[in-house]
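Everything on this sheet refers to the single structure shown next.
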Amino acid sequence: MRIMGLIIAFAFFQASFTFAASVEEQINLYINKVEIPRLEKLYPDANINITLNNQAALSYLPKCQDNTLQIKNQRPEATKRTNYVIACNTPSWKSFAPVTQSIMIQAIKTTTQISRGQVINKNNTNIGEVDLTSLRGQVFTLKEPPYGLIASRNLRINTFITDALTNQPTLIKKGNQVLITARSGNIIVKMNGIALENGTKDQQIRVQNTSSQRIIYAKVVTDSEVLVNY
């Protein structure tokens, strides 16, 4: 599963708790009842963990006399670090509690060194657990593997593969004979052509109709066919 985007527009959660327990206990309750369930919905196959930082500073906060404590995530779109806003009405005060999140999922990683331009497949990869917050880009999983893609750079052993480390393979090379499929509504016409440049899947490339010598732009469909829509 690419997760890679996965950042979703999200309204801040806000919760009120009685102050019978300590501030730290109330924050941990908020983490377990609100934040972890929210992240589990965004990352259903992940193991979520949230750590409350700088806990000693919480003991200096004034007692909330109206027995309610409001807590909300300041940056719910964050994956690794965020702050919880903690507020009390009586007396009126506001503070911030920094937290660190980990989002562990099963993803595809290399089992051998893979050279730039080499095809990624089942023989040079395996599955492993990784923290999404430590990576850039979207990872590949068994549901959406990177098989058939090529490495965009040299990859070391045990590198988790992301979309930033892969490219689409070249399906058509310059000079290849191709079948040009021209489509206009329900009318389909096929003709022979020559690729004038390399192309990956869904890329627009220049091809030449071998009969009319006309040069057109067409989308790469397979390693031998391009498509033109009129």
Q: Exactly one condition in (1) over 25 Å from GLU225 (Cα atoms); (2) surrounded by 13 or more Cβ atoms within 10 Å (Cβ to Cβ); (3) of a type outside the set (Phe, Trp, Tyr) is not met by LYS174; state its number.
A: (1)
Q | Subset of segment 75-131 [surrounded by fewer than 16 Cβ atoms within 10 Å (Cβ to Cβ), over 26 Å from LEU42 (Cβ atoms) and of a type in the set (A, V, I, L, M, F, W, C)] | A | TRP93, VAL119
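For a quick check of your reading: which strands (runs of 3 or more DSSP E) sit entirely within segment 166-230 and have at least 1 residues that are without any contact (Cβ under 8 Å) to a residue 40 or more places away in the chain and out of contact with any Asp or Glu (no Cβ under 7 Å at 6 or more places or on another chain)? Walk me through how you get there before you give the answer.
On the way: elements: 170-172, 177-184, 187-195, 204-209, 215-220, 225-229.
Per the criteria, 170-172, 187-195, 204-209, 215-220.
Okay, residues lined up against (1) part of a helix (DSSP H, G or I); (2) polar (S, T, N, Q); (3) closer than 30 Å to GLU144 by Cα:
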position	(1), (2), (3)
GLU24	yes, no, no
LYS33	yes, no, no
ARG38	yes, no, yes
LEU58	yes, no, no
PRO62	no, no, no
ASP66	no, no, no
THR79	no, yes, yes
VAL85	no, no, no
THR90	no, yes, no
Q: Return the only residue of PHE19, PHE12 being modelled with pLDDT under 85, exposed (fewer than 14 other Cβ atoms within 10 Å of the Cβ) and of a type outside the set (Ser, Thr, Tyr).
A: PHE12
Q | Of the criteria (1) modelled with pLDDT of 90 or more; (2) touching a strand residue (DSSP E or B) at 6+ places or on another chain (Cβ under 7 Å), which one GLN26 fails | A | (1)
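The values are calculated or read from the model by the stated rules, or taken from the named source; none is laboratory data. All of these numbers come straight from a predicted model, not from anything done at the bench. Here Cβ is always computed from backbone atoms with ideal geometry, including for glycine, and neighbour counts include all displayed protein chains.
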